[in-house]
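Colleague: Have a look at the structure that comes next, please.
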Protein chains: 4
Amino acid sequence: MKILSGVFEDDRTDGQVTTGTPIALVIENVDQRSKDYSDIRDKFRPGHADYTYHAKYGLRDYRGGGRSSARETASRVAAGAVARKVIPGVVIRGALVQVGPHAIDRKNWDWKEVGNNLFFSPDAKAVAQWEDYLDGVRKAGSSCGAVIEVVASGVPAGWGAPIYGKLDQDLASAMMSINAVKGVEIGAGFASAALSGEENADEIRMKNGKPEFLSNNAGGILGGISSGQDIVVRFAVKPTSSILSPRRTVTKDGNDTDISTKGRHDPCVGIRAVPVGEAMMALVLADHFLRHRGQVG
Amino acid sequence: MKILSGVFEDDRTDGQVTTGTPIALVIENVDQRSKDYSDIRDKFRPGHADYTYHAKYGLRDYRGGGRSSARETASRVAAGAVARKVIPGVVIRGALVQVGPHAIDRKNWDWKEVGNNLFFSPDAKAVAQWEDYLDGVRKAGSSCGAVIEVVASGVPAGWGAPIYGKLDQDLASAMMSINAVKGVEIGAGFASAALSGEENADEIRMKNGKPEFLSNNAGGILGGISSGQDIVVRFAVKPTSSILSPRRTVTKDGNDTDISTKGRHDPCVGIRAVPVGEAMMALVLADHFLRHRGQVG
Amino acid sequence: MKILSGVFEDDRTDGQVTTGTPIALVIENVDQRSKDYSDIRDKFRPGHADYTYHAKYGLRDYRGGGRSSARETASRVAAGAVARKVIPGVVIRGALVQVGPHAIDRKNWDWKEVGNNLFFSPDAKAVAQWEDYLDGVRKAGSSCGAVIEVVASGVPAGWGAPIYGKLDQDLASAMMSINAVKGVEIGAGFASAALSGEENADEIRMKNGKPEFLSNNAGGILGGISSGQDIVVRFAVKPTSSILSPRRTVTKDGNDTDISTKGRHDPCVGIRAVPVGEAMMALVLADHFLRHRGQVG
Amino acid sequence: MKILSGVFEDDRTDGQVTTGTPIALVIENVDQRSKDYSDIRDKFRPGHADYTYHAKYGLRDYRGGGRSSARETASRVAAGAVARKVIPGVVIRGALVQVGPHAIDRKNWDWKEVGNNLFFSPDAKAVAQWEDYLDGVRKAGSSCGAVIEVVASGVPAGWGAPIYGKLDQDLASAMMSINAVKGVEIGAGFASAALSGEENADEIRMKNGKPEFLSNNAGGILGGISSGQDIVVRFAVKPTSSILSPRRTVTKDGNDTDISTKGRHDPCVGIRAVPVGEAMMALVLADHFLRHRGQVG
């Protein structure tokens, strides 16, 4: 990764500082092998953007680095690192909470565990199960999806807006924009539909001179504005679409055919989505911090 | 509702036509009763935006028509009616698919039933159950949530974009921006996490000279671009926060207190969210239709 | 004018206060007489937007209140009044500095005179000349243009940005967007082309512990950012296009014809543009104040 | 210059084609000499953005490639080359029409001459005079300004909008955003203030079955929308601020001092602004072409 512009350094700045203006980063797509693309250049891979991209633009860059490749998310992670520096008081952490059909036991949640395993699992006990499950998936030439949870702590009450630019709508947009994401929820999310009003509406009590919520079904956002509680977002990643098992599809010239995708492919791209989700949270919050400062000083 | 500007009519236009420029609509908030607001003016109602709005702006319009009121969604429905005229080939329909913990049986889905009951239920058999359930909720002074599904048919392949302005991210933003919504999913949504790659990636076959998908787990969107299949979005609405049962909260001056909300309040605001969701779908699609026309002619 | 939303008042607010969210104002176009429009409904008035509007949209609201009417600027003046409240330390004043070919003598500039005459002239001596000149223009069924100068004092150094959202580019956009404006300049403007580098670049000296510019050819903006000096913008308004003298034109059906515009029409719409220019200055500065606060805290 | 993304090429595309998505270009700032910046790092150069940039951000990149450097306009010219491809039917040409106080004689205008001299002068007779004049300016260690005219032919009637996104306001914004520009005018521009209504409003007659304007004081834009005539924009560039003659200024620590700028510096940066103005015209028109296509199909 290279910084193209927006930073400055001399003998007086004690390292790189921003010039106050946009920072341009570039990540070269170097790891793209000149492999044989003859199979996928004319076939639409099911689950991929091949067909829709072609339908819109009439052509498509099929060489492992096309506009629809999840490689694009690397730039989000890089940008997220900058965004975090804009909101130093905020701590953003992500975790994998479900792999295929196997969810963690939330009672075991321990943020410290996230760094101890390759799954970003906060539940140490889930790791072995997931390993077994993924081994089977890989051997079957198949793939599976996942659910990621991202939590931001330290966001003060007041970021966001009541209509247009709601904090939750911008988070939904950001997370849904990540490749392969099919669902986003905040706080209790879809489960809130089954709660009673008494259970759902987080009660408040004064504590140490400040209002404190007694639960967090709202996921830290009420009416589009942060409440000062942890901001809690979950999103679902569909199974990797590139699988070894042959699938039915058509060619761009309109003939029925089959395709199976060889080469390096994670059976569960959702795992890699954890840092991407953190980055998107950081980007949305940094934006809202700046807007909030503009709005109310 | 009144049209303030953007339309024109004379003896040659055969009714109102647009002037090609923005249409301004106004809906007066007339049904606001000069009731006694002394209770809620100083107390933060749990589950509402009272606390967060106050935290941001230092004041709050507590009189039944504040900026955070769901009454604002009436303007979305009005705007949605205009948006539908922009995309005449698209049919947008919404339905209630879950009330509290009670989901419909999707095997019974019949769009014609939606107009036959007050719940917008596509499953005639769910209606009686929901009526009973809601009666109980109402009598208990409680409330419940719901899940809404909105489907757009007739959207051609190609609307959207691969990065920035993805169709799915804009739909997620739009639905999450509706009051009380806590989750949005597209196609198989959160359930896709538990599918195998083979199950999830919708296969394609030629039919009548055109590619046809054999399933629709993608919900009509791949890589941020419409596929020509039905666009399927679901969103979860939390339980109505205004309930009769007293709840713990604090006053704006920092004292512990209780609050119970009297007056007209739907025990399940999710029901009213069906036309709102349809309207938001129409607005997003109309935007994307215009953008698409600009992008590719 | 009516405020539709965005303000709030109760017994504790000491008058109307904003709710922190957008303020919607409406000015009804009441003064529109049901006169005979048969002449202009099918003819394109030279100098007006009739032809271009019709070319774009295929129809046109010809009834004195169309989208292209300068009546629209009333809404700008109303919005400008709100904008001024956002930047209380800034004083914005406009003046007419040229009517037809007759410019003021800048040596006579006295802001106090602006309120003493109907021309907003800062040069008391120009008034009689302009009155005579305009009388002749009116009697001839003709019209004339004008140049307006708007000055903002009290803007601190730092508002704006070095690229994208430059303060001067936003001012140019704002002023050029006023109906009938054909030119915008800042500081020395077009005259700067004929200055030498020594004359043009405003020198700086410390005064009372602060940098002070010894001249203001920059018009208070350097590199897109305010310098703390007065912001000085001038714009040219073309002659009123509605004139009594018959002019050659065509009908929308493609026939040659003549048109002369009867009815109330200022021979010099530029005079009314003074408060509009002030309002646009206020709107741009209020935007930049908020952005600046967001950008640098 | 390098293309980072947005284009694609294989054996079937007959050269590079766009992928339909944003094209990223990079121009490395390679020609920046590691010269001694000790003089300007602490002094604010009059006429430059040094003081204002520092006032806003608290620091400033003083090394010949800072954010406020006119070198940034190279990227505009590169982007303009792409924009021209979006609007193939439009021909955009720029010319220098004034150097210092010396304007061309418009009767001598010949577009073919523009390529025959280093001044982009359309008036062959002006060249010798300008050469003499600039020699004197250079020898005096001084500088001078210029006026540029950019003309776009082939723009159909209908691009733009009556309010918000007016074609003229976007052109004004674009031209004023170029470094050192202090004024922008369209068509008759500031001179229109001194015209009579009869002279100014361009009359129309049918010719070959189409409306034709008999003059072009409007500069091709009426009511924010293109008329089908040539779009004519002029802008004034102030004298180069970097001059050899010492000028009074202050240091960032608040001390009076003098500065004279050595090194390569055009005595008239306005000459180089001709291709930049063309590029900005192309960018604005390409934007409006796409918007127009979205708006009216």
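Colleague: Can you tell me how the protein assembly as shown classifies by the Cα gyration tensor, rounded, prolate or oblate, using a/c under 1.5 as the rounded cut? Each step should come with its number before you reach the end.
Modeller: Numbers: a/c = 1.60, a/b = 1.47, b/c = 1.09.
In terms of gyration-tensor shape, prolate.
Colleague: Around residue C:203, which amide H atoms from residues at least 5 apart in sequence, or from another chain, sit under 5 Å from its own amide H, with H modelled in the peptide plane?
Modeller: HN-HN under 5 Å from residue C:203: C:214, C:215.
Colleague: With a ≥ b ≥ c taken as the square roots of the eigenvalues of the C-alpha gyration tensor of the range B:109-181, please select rounded if a/c is under 1.5 and otherwise prolate if a/b is larger than b/c or oblate if it is not? Could you put the intermediate results ahead of the total?
Modeller: Working: a/c = 4.97, a/b = 1.77, b/c = 2.81.
Oblate is the answer for the range B:109-181, as a/c is 1.5 or above yet b/c matches or exceeds a/b.
Colleague: Can you give the Rg to Rh ratio for the range D:97-256, taking only C-alpha atoms and Rh from Kirkwood?
Modeller: Values: Rg = 19.5 Å, Rh = 18.2 Å.
We get a ratio of 1.07 for the range D:97-256.
Colleague: Dipole size in debye (nearest 20) for chain D around its Cα centre, Lys and Arg Cβ +1, Asp and Glu Cβ -1? Please report the intermediate quantities before stating the final value.
Modeller: On the way: 37 positive and 35 negative charges, 129 e Å.
Computed about the Cα centre, the dipole is about 620 debye.
Colleague: Here is a follow-up. Using only the Cα atoms of chain C, what are the Rg and Dmax in Å?
Modeller: 21.6, 70
Colleague: Something else: Can you sort B:125, D:252, C:166 by 1.4 Å-probe accessible area, starting with the largest? Walk me through the numbers on the way to the answer.
Modeller: Details: B:125 160, D:252 80, C:166 10 Å².
Most to least solvent-accessible, the answer reads B:125, D:252, C:166.
Colleague: Please list B:206, D:281 from largest to smallest accessible area, probe radius 1.4 Å, with all protein chains kept in place.
Modeller: Numbers: B:206 45, D:281 0 Å².
In descending accessible area the options line up as B:206, D:281.
Colleague: Still on this structure, I have one more. Quick check for me: using +1 on Lys/Arg Cβ and -1 on Asp/Glu Cβ, what's the dipole size of the range B:38-137 about its Cα centre, in debye to the nearest 20? List each step's numbers first, then the result.
Modeller: On the way: 16 positive and 12 negative charges, 124 e Å.
Magnitude of the dipole: close to 600 debye.
Colleague: Moving on. So what's the back-of-envelope 222 nm ellipticity for chain C, counting only DSSP H runs of four-plus at -39500 (n - 2.57) apiece and dividing by all residues, rounded to 500?
Modeller: Working: 6 runs with 76 residues, N = 297.
After summing the helix terms and dividing by the residues of chain C, the value is -8000 deg cm²/dmol.
Colleague: Rounded to the nearest 10 degrees, what's the angle between the helix B:167-176 long axis and the longest principal axis of chain B, both from Cα atoms, 0 to 90?
Modeller: Helix B:167-176 and the main axis of chain B meet at about 20 degrees.
Colleague: Oh, and also: Which ³J(HN,Hα) values in Hz, rounded to whole numbers, follow from the phi angles of the range A:177-189 under the Karplus curve 6.51 cos²θ - 1.76 cosθ + 1.60, where θ = phi - 60° and Gly and Pro get x?
Modeller: Computed from phi, the couplings for the range A:177-189 are 7, 6, 3, 6, 7, 10, x, 9, 9, 10, x, 5, x Hz.
Colleague: Given springs between every Cα pair under 10 Å in a Gaussian network model of chain C, which of C:150, C:237, C:91 has the largest fluctuation?
Modeller: Among C:150, C:237, C:91, the largest GNM mean-square fluctuation belongs to C:91.
Colleague: Could you identify which residue out of B:174, B:79, B:55 has the top mean-square fluctuation in a GNM of chain B using Cα springs shorter than 10 Å?
Modeller: For chain B, modelled as a Gaussian network with Cα springs under 10 Å, the answer is B:55.
Colleague: Also: Which FRET efficiency value, to the nearest 0.05, do you get for residue D:131 and residue D:199 by plugging their Cβ-Cβ distance into 1/(1 + (r/R0)^6) with R0 = 35 Å?
Modeller: Numbers: r = 36 Å, r/R0 = 1.02.
Computed FRET efficiency for residue D:131 and residue D:199 comes out at 0.50.
Colleague: Here's another thing I want to ask about it. Could you tell me which residue out of A:290, A:240, A:47 lies farthest along the dipole of chain A toward its positive end? Charges go on the beta carbon: Lys and Arg +1, Asp and Glu -1, centred on the Cα centre.
Modeller: After comparing all options, I get A:47.
Colleague: Once label points are set 7 Å from the Cα along Cα→Cβ at both residue B:216 and residue C:106, what is their separation, rounded to one decimal in nm?
Modeller: In this crude spin-label approximation the distance works out to 6.8 nm.
Colleague: Assuming a ≥ b ≥ c are the square roots of the Cα gyration tensor eigenvalues, decide whether the range C:202-256 counts as rounded (a/c under 1.5), prolate (otherwise, with a/b larger than b/c) or oblate. Before the final figure, lay out each step's value.
Modeller: Working: a/c = 6.88, a/b = 4.26, b/c = 1.62.
Prolate shape, in that a/c is at least 1.5 and a/b is the bigger ratio.
Colleague: Kindly express, to the nearest 10 degrees and within the range 0 to 90, the angle between helix B:124-139's C-alpha long axis and the longest C-alpha principal axis of chain B.
Modeller: 20
Colleague: Let me ask something additional. For residue B:10 and residue C:265, FRET efficiency with R0 = 22 Å and r from the beta-carbon atoms, rounded to 0.05? Mind showing how you got there, number by number?
Modeller: Values: r = 23 Å, r/R0 = 1.03.
About 0.45, to the nearest 0.05.
Colleague: Counting heavy atoms of the protein chains only and a 1.4 Å probe, report the per residue accessible area for the range A:140-225 as a whole number of Å².
Modeller: Details: 2130 Å² over 86 residues.
Value for the range A:140-225: 25 Å² per residue.
Colleague: Sticking with this one: Quote the accessible area belonging to residue C:280 in square angstrom, nearest 10, computed with a 1.4 Å probe and with ligands, DNA and RNA left uncounted.
Modeller: 20
Colleague: Could you check the simple spin-label distance between residue D:206 and residue A:41, using points 7 Å along Cα→Cβ, in nm with one decimal?
Modeller: 5.6
Colleague: Now for a different question. List the pairs from B:56/B:262; C:107/D:107; B:112/B:207 whose alpha-carbon separation is above 30 Å, in the order I gave them. Kindly include the intermediate steps, with their values, before the conclusion.
Modeller: Working: B:56/B:262 26 Å; C:107/D:107 36 Å; B:112/B:207 27 Å.
As for pairs spanning more than 30 Å Cα to Cα, those are C:107/D:107.
Colleague: In the Gaussian network model of chain C, springs joining C-alpha atoms below 10 Å, which of C:156, C:46, C:211 carries the largest mean-square fluctuation?
Modeller: C:211
Colleague: Another question, then. Nearest 10 degrees is fine. How inclined is helix A:73-86 to the longest principal axis of chain A, computing both from alpha carbons?
Modeller: 10
Colleague: Okay, moving on. Once R0 is set to 30 Å, what does the formula 1/(1 + (r/R0)^6) return for the Cβ-Cβ distance between residue A:27 and residue A:85, expressed as a FRET efficiency to the nearest 0.05?
Modeller: Values: r = 18 Å, r/R0 = 0.61.
After rounding, the FRET efficiency stands at 0.95.
Colleague: A further question follows. With labels modelled as points extended 7 Å from the Cα through the Cβ direction, what inter-label distance (nm, one decimal) is found for residue A:296 paired with residue C:17?
Modeller: Between residue A:296 and residue C:17, the label points sit 1.2 nm apart.
The values are calculated or read from the model by the stated rules, or taken from the named source; none is laboratory data. Computed from a predicted structure; not experimentally measured. Every residue, glycine as well, gets a Cβ built from its backbone with ideal geometry; the counts of neighbours run over all protein chains shown. Heads up: the accessible areas ignore ligands, DNA and RNA and are worked out on the full protein's heavy atoms, side chains in. Shrake-Rupley method; radii C 1.70, N 1.55, O 1.52, S 1.80 Å.
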